[in-house]
Each structure stands twice: as C-alpha cells, then as structure tokens.
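S.K.: Pasting a structure below so you can have a look.
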Ligand SMILES: NC(=O)C[C@H](N)C(=O)O
C-alpha cells in the first residue's frame, strides 16, 4: 500500500469552464508527488513538490492564481507538518513569493518557530535567498475579475465566498512509513487585509502524526478553525475510525455546528486514504500502486495508470 500521495485543488463549486483544467492540475501534482516518493524521497519532499506544482498552476487559489483581498492584493498562507517529529512550519499573510509552501518548509527547517507572518515572513524569505516576485506575476485576469465583481453593490459575497475555494494541499506516506501534509492558499476572496485563515494554523489547515494519520483541508477557513477540522478527523481515527469514516463524521459536525463547507484529503500509516467533502465538488487525485485515482463530484473514483 506504500507509498501513497493524495492531493486536492480546493472544495467548492468549480465553474464548468475550469473543470478540465482543475482535474488535469491535480493529476499532474499527484504524479509529481508519486515520482518523488518512488524515487525514495520523503513524504515531506513529496507533499512540498506536489503543492508547489499546484501553486505554480494559475487555475488554483494558491501562489499564482490566488484570490485578491479587499484591497486587490495577494496575501497567502501555507503550512507543512512532518508526522515523524510533529515538526511544523507555516507562513501567513505573506506577499510576493511564488511558493509559500517552500517558505513554510524553511520556517520548519531553519527557525525555532512554527509560523512567521506578513512582513516578518518576507524578511525571512529574503534572508533565505528566495527571490521576491512582483504582485502582478501572482495575479491572473480571472482573479482580478472576481475581485471587481465582488465590489459590485449587487454582488452576493456569501455565495462567492462559499462558491469557489481552490486552496491546494497534499498528504503522503513514504516507503519508510513516514507521514506528512502540506496546504497552501490565497485565502478567501475580498477578505480583510491581514485576515489569516485555517490554512497556516496547525490542526486546522493540516496535521500529520505518524501514529495516527495526515490531513490537509480546504474550505471556509473561519468554520474550519472553529472545529479544528484536521485534528478532529485524527481524533476520530484515534478512536478507531477509518480515514473515510473519520472525515465524514468531522465534516458532518462542521456543517451541523457552524454550517461550514469543506473538503479534506486524509491518509493513515498503512496507506489507506480518503478524499471527502461536503461541498458540491472538490478536485482531488491520489497515486498508489502505480494507479492514479481522481474525481470531482461525490462518489467519483476514476482510475488510470500513473
Ligand atoms: N480556498 C480555501 O480553501 C480557503 C482557505 N481554507 C481559507 O479560508 O483561507
């Protein structure tokens, strides 16, 4: 059953014209993660490389393609966690970096801290020799149009917030049985400047523990934070539930308790995996035993050779 990698490209409702691109992107990311794992690299390497592929793809709300805050700017959150040691690294409200997930990993590897935010994260990126990119290089025409549409007095901000989410993430188990997770996002469209969502918060946007499992989430950040969704799923797994049962229980609780919409990818140490969501859609892909699984609507699990 090992190694395995599962990725998501965001829960929500994906506009028809973006379905093919969204599916192709998660397939590419799962293939990348799987190639890293089958070459003998760690689960941490695999989730970072898979998420970097998705950050570089303008279709998703992470890295290039991120949604814009109320001022029309890009500010991003990312998290990585290593299930061997519970080491984690995160950045929040970071600007002008192409791959926040790589910066989150450097926070884990090179500092004594878990999370760096805003200008402090940018300073750290410079100190690590990560090139600063222009704001423009991260902004797509699509993101700018959605931002403008939402400023319209007739816009329905709730619908638009819940509709198209597009955060990216990955979980993996490597050949040594180590687990890891990574998640990256541009946040919620038209959010306040300085708003930090679930993605960079340990136990919310992700969690990895070799003894239990690994999770990466997507969806309405404020709701996810209220129930600490990733850790809630692992709590159910600690009580003996499978990744799928644990995800469904936690997603049902999220909906009942705070009317939250979200999606998750989950693995356990044996390589049993799940991709579950209570939104209309979530683009996801998994690679295991040289098979690529993928889907978008509930109940889908298409397969093809990796
Ligand atoms: N696109 C998303 O999934 C949004 C992310 N969870 C956030 O609230 O920042």
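S.K.: Could you rank the peptides 59-68, 7-16 by their average count of other C-beta atoms within 10 Å per residue, with the highest value first?
M.R.: Packing proxy ranking, top to bottom: 59-68, 7-16.
S.K.: Taking the Cα-to-Cβ direction at residue 259 and at residue 21 and moving 7 Å from each Cα, how far apart do the two end points lie in nm?
M.R.: Going by the 7 Å Cα→Cβ label model, 3.1 nm.
S.K.: Please state the relative contact order of segment 4-305 as a whole percent: Cα pairs under 8 Å, 6+ residues apart?
M.R.: Answer for segment 4-305 is 25 percent.
S.K.: Sum -39500 (n - 2.57) across every DSSP H segment of at least 4 residues in the chain, then divide by the residue count to get the 222 nm mean residue ellipticity, nearest 500.
M.R.: -11000 deg cm²/dmol
S.K.: More than 25 angstrom separation, counting every C-alpha pair in the chain; what % is that?
M.R.: Value for the chain (Cα pairs over 25 Å): 39 percent.
S.K.: Counting other beta carbons within 10 Å of each residue's own, what order do 44, 128 fall into, fewest first?
M.R.: Starting with the residue having the fewest Cβ neighbours, the order is 128, 44.
S.K.: Rg and Dmax of segment 84-191, using alpha carbons, in Å: what are they?
M.R.: According to the Cα coordinates of segment 84-191, Rg and Dmax are 16.6, 54 Å.
S.K.: In the Gaussian network model of the chain, springs joining C-alpha atoms below 10 Å, which of 171, 74, 258 carries the largest mean-square fluctuation?
M.R.: Top of the fluctuation ranking is 258.
S.K.: Cα centroid distance between segment 10-30 and segment 190-239, in Å?
M.R.: So the two Cα centres are separated by 22 Å.
S.K.: Multiplying the sequence separation of residue 109 and residue 39 by 0.36 nm and subtracting their Cα-Cα distance, what value in nm do you get?
M.R.: Length difference between fully extended and current span is 23.0 nm.
S.K.: By count of other Cβ within 10 Å, fewest leading, how are 82, 209 ordered?
M.R.: Lowest to highest Cβ neighbour count: 209, 82.
S.K.: Turning to a different aspect of this structure: Given an 8 Å cut-off on Cα distances and at least 6 residues of separation, report the relative contact order of segment 161-229 as a percent.
M.R.: 35
S.K.: To the nearest 0.05, how large is the calculated FRET efficiency for residue 302 and residue 244 if R₀ is 22 Å and r is the Cβ-Cβ distance?
M.R.: Approximately 0.80, to the nearest 0.05.
S.K.: What order do you get for 302, 41 when you list them from fewest to most C-beta neighbours inside 10 Å?
M.R.: Ranked by crowding around the Cβ, least crowded first: 302, 41.
S.K.: Mind ranking 114-121, 217-224 by how tightly packed they are, going by the mean number of other C-beta atoms within 10 angstrom, highest first?
M.R.: Put in order of decreasing packing, that is 217-224, 114-121.
Here, each number is a calculation from the coordinates, and none is a lab measurement. Remember, predicted model here, so these are calculated numbers, not experimental data. A quick note on method: Cβ atoms are made from the backbone with ideal geometry, for glycine too, and the neighbour counts reach across all protein chains shown.
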